[in-house]
Amino acid sequence: MDLNGFDRPGRPTAGDTRSVKVMIAGGFGTGKTTMVRSVSDIKPLTTEETLTQASADVDRLIGVADKTQTTVSLDFGKISINDTLMLYLFGTPGQERFWFLWNGLFKGALGAVVLVDTRRLASSFRAIEEMERQDVPFVIALNVFPDSQDFPVEEIRDALDIAPHIPVVSFDARDRASSRDVLVTLIRHLKDRPAVALEPR
Ligand SMILES: Nc1nc2c(ncn2[C@@H]2O[C@H](COP(=O)(O)OP(=O)(O)OP(=O)(O)O)[C@@H](O)[C@H]2O)c(=O)[nH]1
Ligand SMILES: [Mg+2]
C-alpha cells in the first residue's frame, strides 16, 4: 500500500509513530463492532449487552433480526497502518439512547468512518449529521449484507446528500482486508485536506 506523502521523509526511528484517533460511527446495527473486531491488531475491547426484546421496536431490527447484542458504551481497537502510523479505533454505540455520550467520545478524533446499511439508509442519517455538526472529516462505508441491493454508489451518495469530495465506498465489515482498505481511504482523505496535523503525540 502506498501512502507516500503521508510519511515524513527519511527513515522512521523508534518512537516516531503517529497515533491517530479514528471513530467508527454509523446507525444502529450497521456493523461497527464487527468492523473493529475484524480489523484490530489487538483483541478489541467491546462493551456489548444483550439486546432486550423490549427494545426491538425502538431499535428497528429490520435486516438484522438475528442481532442479539448491542454496543452500550464503545468498542476500542488498534491497527498499525505502517511503521509510522497507528490508528486507535473507537466504535460508537448505535442506539439513540446512548448518543448523549457522543460529545465526549469525539474529542481529539482526527476522522471517522460512517457505516451505512443500504437496506436501512435512514439509520445512519443522524451519525452523518453528527460528523458535520462536530466538524469531524469522514468517509462513508457501505457495509454490504447478503440481501443488500446493488445500488450504484453515486445513487447512495445522492440519497445521503454527501458532498462530491467525500469518499463513498462499499465494503464487508467482517473482512479484515476490506475494513483496512476503508481506513486507508479515510487516511488518504485526511491527507488530502489542508492543514491536518498528523504529528506524533
Ligand atoms: N452479512 C453480514 N452481516 C454482518 C456484517 N457486518 C455485521 N454483520 C452482522 O450484522 C449484525 C450487526 O453488527 P454489529 O457489528 O453488532 O453492528 P453495530 O453497528 O456494532 O451495532 P450497534 O452497536 O448495536 O449499533 C451482527 O449480527 C453481525 O454479525 C456484514 O458485513 N455482512
Ligand atoms: Mg456495536
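General observations
- When A173 is tested against (1) assigned to a helix (DSSP H, G or I); (2) of a type outside the set (S, T, N, Q); (3) touching a residue at least 60 places away in the same chain (Cβ under 8 Å), exactly one condition is not met: (1).
- As a summary of the residue check, V153 satisfies the conditions (1) touching a Ser or Thr at 6+ places or on another chain (Cβ under 9 Å); (2) modelled with pLDDT of 95 or more; (3) among the hydrophobic types (A, V, I, L, M, F, W, C); (4) over 18 Å from E132 (Cβ atoms) except for the one numbered (2).
- Residue that is nearest to ligand 1 (Cβ to nearest atom) [pool: residues in the range 19-52 that are touching a Lys or Arg at 6+ places or on another chain (Cβ under 6 Å), outside any loop (DSSP other than H, G, I, E, B) and of a type in the set (A, V, I, L, M)]: I24
- Of the criteria (1) under 18 Å from G27 (Cβ atoms); (2) buried (at least 17 other Cβ atoms within 10 Å of the Cβ), which one F100 fails: (2)
- Residue check for L87: on the phi < 0 side of the Ramachandran plot, in contact with a strand residue (DSSP E or B) (Cβ under 7 Å, 6 or more places away or on another chain) and either modelled with pLDDT under 90 or hydrophobic (A, V, I, L, M, F, W, C) (or both): yes
- Scope the range 127-160; condition within 21 Å of K21 (Cβ to Cβ) and over 14 Å from the mean Cα position of the chain (by Cα); matching residues: E129, E132, R133, Q134, D135
- Extreme residue, modelled with the highest pLDDT, among residues of the range 105-149 that are small (G, A, S), open to solvent by 10 Å² or more (accessible area, probe 1.4 Å) and closer than 19 Å to M35 by Cα: A109
- Scanning the range 66-92 for residues that are open to solvent by less than 30 Å² (accessible area, probe 1.4 Å) and either without any contact (Cβ under 8 Å) to a residue 24 or more places away in the chain or more than 13 Å from ligand 1 (Cβ to nearest atom) (or both) yields I79, I81, T84, L85, L87.
The values are calculated or read from the model by the stated rules, or taken from the named source; none is laboratory data. In this text, all values refer to a predicted model and were calculated from it rather than measured experimentally. Cβ: placed from backbone, ideal geometry, glycine included. Neighbour counts: every protein chain shown. Surface areas here come from the heavy atoms of the whole protein model, side chains and all, with no ligands, DNA or RNA. Shrake-Rupley method; radii C 1.70, N 1.55, O 1.52, S 1.80 Å.
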